[in-house]
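The values are calculated or read from the model by the stated rules, or taken from the named source; none is laboratory data. Computed from a predicted model, the values in this text were never measured in an experiment. Cβ atoms come from the backbone with ideal geometry, glycine included; neighbour counts cover every protein chain shown.
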Amino acid sequence: MKIFKMGLDGGKPAEGKPGVQPEWFYKGGGDIVTAPEQALSVPDFAEDAGEEPELVGVYLIGPSGQLFRLGFAIGNEFSDHIIEKFNYLWLAHSKLRACSFGPELLIGNLPDHIEGESRIIRDDKVWWRKPLLVGEANMSHSIANLEQHHFKYDQVRRAGDLTYTLWAPAHSVFVDDISTKPGDRFEIEAPLFGRALRNGLDFETDATLVSIKLL
């Protein structure tokens with residue numbers, strides 16, 4: 001709550017000035033991005049498989065480190081909320097999961113207020129749904145401030161990289177104290193972004209122990 005209030009108080013600075021820094025987490029490399037219409041992988045060690053409907057910024061890093069924003073999309077960050085709740089120091093662990101965004105990219109400037117819906121389909125019926133509000137009017141930080149405090153680090157501005165960031169709204173299925181199960185399908189939709197983002201769930205059942213060998 002303290003960090004959230006810091007964003008409300010100082011997350012939208014005057015143009016050309018950095019504001020208070022937000023909290024952010026490493027999600028993973030490009031190989032964890034699941035294509036739209038494909039199933040999100042749920043590790044055998046996961047305690048929860050919850051959607052997180054988010055706004056996504058997609059960027060290309062030029063040869064000299066220059067940032068180019070390609071556009072915006074709707075995304076599902078997909079996190080383990082039970083692990084998050086148990087111990088805040090495990091928050092980074094909860095983010096190391098698959099994610100998905102698309103299937104379409106919005107080019108140009110983003111409207112301040114965008115409305116949509118997040119829902120879960122179970123047995124071919126809408127089982128859970130909630131309104132989705134994105135855009136700067138519904139955010140505690142400006143997009144420019146989020147970009148500043150993410151890309152100020154040299155190691156995330158590697159020339160030639162195609163990279164993405166996910167920005168979270170204020171709700172997810174976990175807030176309503178419900179759990180997903182095999183056969184469920186996430187649908188996140190905002191008409192401005194075109195077609196809905198849809199993903200099923202693939203629950204892994206085989207536990208894998210890490211094996212280390214000496215060289």
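If you take the residues in region 43-97 that are out of contact with any Lys or Arg (no Cβ under 9 Å at 6 or more places or on another chain) and basic (Lys, Arg), which one is nearest to Ser118 (Cα to Cα)? For region 43-97, the residue satisfying everything is Lys85.
Of the strands (runs of 3 or more DSSP E) entirely within region 40-136, those holding at least 1 residues that are of a type in the set (Lys, Arg) and under 30 Å from Arg157 (Cα atoms) occupy 67-76. When region 55-108 is limited to residues that are within 21 Å of Ala190 (Cα to Cα) and of a type in the set (Val, Ile, Thr), the one that is farthest from the chain's Cα centre (by Cα) turns out to be Ile107.
Looking at region 91-101, is at least one residue among the polar types (S, T, N, Q), modelled with pLDDT of 95 or more and buried (at least 16 other Cβ atoms within 10 Å of the Cβ)?
yes
Which one is surrounded by the most Cβ atoms within 10 Å (Cβ to Cβ) among residues in region 18-45 that are free of Cβ contacts under 8 Å to residues at least 40 places away in the same chain and of a type in the set (D, E, K, R)? Per the stated criteria, the residue is Glu23.
Taking region 1-23 as the range and being in contact with a Gly (Cβ under 7 Å, 6 or more places away or on another chain) and in a helix (DSSP H, G or I) as the test, only Gly10 passes.
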